[in-house]
Amino acid sequence: MPLPSLPSLSSSPSPASAAPSAPTAAPTQAELLDFVRRAAADAELVASLPLDPEGRTWVRLAGPGGSEAWLIGWPPGTGTGWHDHAESLGAFVAAAGELKENALAARLPADGWKTLELSDGVDRERRLTAGQGRTFGRHHVHEVLNESSDRHAVSVHAYYPPLPQIRRYSRSGQTLRLEQVERPGDWQ
């Protein structure tokens with residue numbers, strides 16, 4: 001069944017010359033999850049993503065209600081490293097293959113720290129196969145991995161508000177260290 005509300009692929013945001021539209025309500029986590037599920041189920045959209053055997057590939061999608069969305073290809077053995085999406089809510093769904101998410105079930109301070117000692121019992125692991133996904137709130141720290149040795153994975157992600165920054169972390173045992181803060185110009 002065609003999905004008329006799904007966006008077309010684009011490599012840049014909508015042109016600034018587009019006519020202004022009436023303000024819309026911010027999408028909820030449930031609406032973001034619904035969008036990524038529908039996009040992940042669109043076999044033509046998923047098949048249109050060029051896959052690289054060496055590194056991740058991605059194409060930006062126009063998400064619902066002004067959200068930011070991405071179709072991402074994951075070669076075998078690749079991952080994001082530990083990171084968060086700052087003030088953005090989000091959702092993602094595996095469209096093909098399997099992804100593993102390691103996450104922290106702990107509320108971390110938003111700012112003002114460089115190193116934290118994590119408590120025991122904060123680690124969570126999820127395995128997401130095609131069609132499975134999840135939502136997450138602000139300051140959700142996680143890493144996403146394709147642990148397959150021979151198969152690409154593809155996923156769809158959406159964030160609202162559009163990502164103001166991504167904070168990257170290193171982890172050694174129970175020590176989490178802020179390493180880098182990326183802004184949209186670093187990945188668009």
Would you confirm whether any residue within region 94-101 is open to solvent by 10 Å² or more (accessible area, probe 1.4 Å), of a type outside the set (A, V, I, L, M, F, W, C) and more than 24 Å from Leu51 (Cβ to Cβ)?
-> no
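Restricting the search to region 53-90, which residues are within 27 Å of Ser148 (Cα to Cα) and within 10 Å of the chain's Cα centre (by Cα)? Steps first, answer last, please.
Here is the first cut: in region 53-90, the residues within 27 Å of Ser148 (Cα to Cα) are 53-61, 69-85, 90.
Answer for region 53-90, where residues must be within 27 Å of Ser148 (Cα to Cα) and within 10 Å of the chain's Cα centre (by Cα): Ala69, Trp70, Leu71, Ile72, Thr80, Asp84, His85, Gly90.
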Any residue at all in region 123-133 that is open to solvent by less than 40 Å² (accessible area, probe 1.4 Å) and either at pLDDT 95 or above or in contact with a Cys (Cβ under 7 Å, 6 or more places away or on another chain) (or both)?
-> yes
Could we say that Leu32 is modelled with pLDDT of 95 or more, under 12 Å from the mean Cα position of the chain (by Cα) and either surrounded by fewer than 16 Cβ atoms within 10 Å (Cβ to Cβ) or within 20 Å of Arg134 (Cα to Cα) (or both) here?
-> yes
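Where in region 149-188 are the strands (runs of 3 or more DSSP E), entirely inside, with at least 2 residues that are more than 19 Å from Gln29 (Cα to Cα), hydrophobic (A, V, I, L, M, F, W, C) and in contact (Cβ under 8 Å) with a residue 24 or more places away in the chain? Steps first, please.
Numbers: elements: 153-160, 166-172, 175-182.
Because the criterion is at least 2 residues that are more than 19 Å from Gln29 (Cα to Cα), hydrophobic (A, V, I, L, M, F, W, C) and in contact (Cβ under 8 Å) with a residue 24 or more places away in the chain, the strands (runs of 3 or more DSSP E) in region 149-188 that meet it are 153-160, 175-182.
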Any chance you could count how many residues in region 135-160 are out of contact with any helix residue (DSSP H, G or I) (no Cβ under 8 Å at 6 or more places or on another chain), farther than 24 Å from Leu176 by Cβ and of a type in the set (A, V, I, L, M)?
-> 1
Could you please tell me which pairs satisfy a Cβ distance under 6 Å, a separation of 6+ or placement on different chains, a first residue in region 35-46 that is more than 11 Å from Ala94 (Cα to Cα), and a second residue that is part of a helix (DSSP H, G or I) and not aliphatic (A, V, I, L, M)?
-> Phe35/Pro64
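Do you know which residues across region 69-80 are under 21 Å from Gln180 (Cα atoms) and not hydroxyl-bearing (Ser, Thr, Tyr)? Show your work before the answer.
Step one: list which residues in region 69-80 are under 21 Å from Gln180 (Cα atoms), which gives 78-80.
Correct list: Gly79 only.
The values are calculated or read from the model by the stated rules, or taken from the named source; none is laboratory data. Every value quoted in this text rests on a predicted model; they were computed, and no experiment measured them. Cβ: placed from backbone, ideal geometry, glycine included. Neighbour counts: every protein chain shown. Heads up: the accessible areas ignore ligands, DNA and RNA and are worked out on the full protein's heavy atoms, side chains in. Shrake-Rupley method; radii C 1.70, N 1.55, O 1.52, S 1.80 Å.
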